[in-house]
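Please find one structure pasted underneath; my questions will follow.
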Amino acid sequence: MTGVHDPGGVSPGRGQHARRRGARARGRPGELLPPAPPAPRVLEVVGIATDWVVVAIGATMIALVFVNVCLHVVGRDLAWVTELAELLMVWVTFLGGACATRRGAQMTITEFIDKLSGTRRLVADALVNLLAIAVLASLVWYGLRLVAASWGNELTVLQIPMSFQYLGMPVGCALMLLWLAWDLWRIARGDPRGARWNAPED
């Protein structure tokens with residue numbers, strides 16, 4: 001959840017900062033996915049799978065919209081494309097958030113927190129993570145309730161339960177929560193942000 005200070009007070013997270021400065025981020029030349037900090041094998045597999053799902057959803061959306069635009073030229077239209085694209089947009093948004101959280105690449109406001117160092121910085125990072133975890137846990141809870149309440153409602157054209165669209169929020173938030181919990185565990189072990197995000201300390 002930490003970032004690098006910039007004059008505007010809004011900065012990218014450590015994962016993006018590491019890439020920009022050419023730090024020792026994990027990854028090999030030629031890899032298709034952006035590098036990510038090291039994690040236990042199970043978490044790494046989950047992270048890679050999430051990355052590729054986001055890539056697949058994005059490619060599908062591009063292809064569907066492109067085909068539909070081409071059909072408009074000849075006066076035709078696939079009515080279900082718009083509805084499916086909306087469904088996929090929800091999923092790619094929240095899963096994309098999980099991909100960013102994995103790398104610490106989410107936007108952060110760090111005017112205050114960057115003035116801290118050592119133990120005080122670790123405590124501040126932990127408090128920020130705990131607050132974010134609480135918010136995400138509530139989104140997962142209420143998201144699942146929304147999913148459960150929407151099984152009787154169907155999308156107009158696709159005629160599938162609206163729950164499939166709403167499910168993207170609790171799933172994505174649960175993955176974000178997972179990565180924040182892992183970062184919180186590393187904070188509890190005393191790992192500084194440079195070690196956690198494979199980036200040099202400022």
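Any chance you could run the full-extension gain for V45 through V135? It's 0.36 nm times the residue separation minus the Cα-Cα distance, nm to one decimal.
Length gained, V45 through V135: 29.9 nm.
Moving on. Which whole number in µm²/s is D for segment 72-202 by Stokes-Einstein, with the Kirkwood Rh taken over Cα pairs at 20 °C and 1.002 mPa s? Can you show the working numbers first?
Values: Rh = 17.1 Å.
In µm²/s, the coefficient rounds to 126.
When the chain is fully extended, how far beyond the present Cα-Cα distance does W52 get from H72, taking 0.36 nm per residue of separation?
4.2 nm
Only the coordinates and a few stated rules stand behind these numbers; no lab work does. Remember, predicted model here, so these are calculated numbers, not experimental data.
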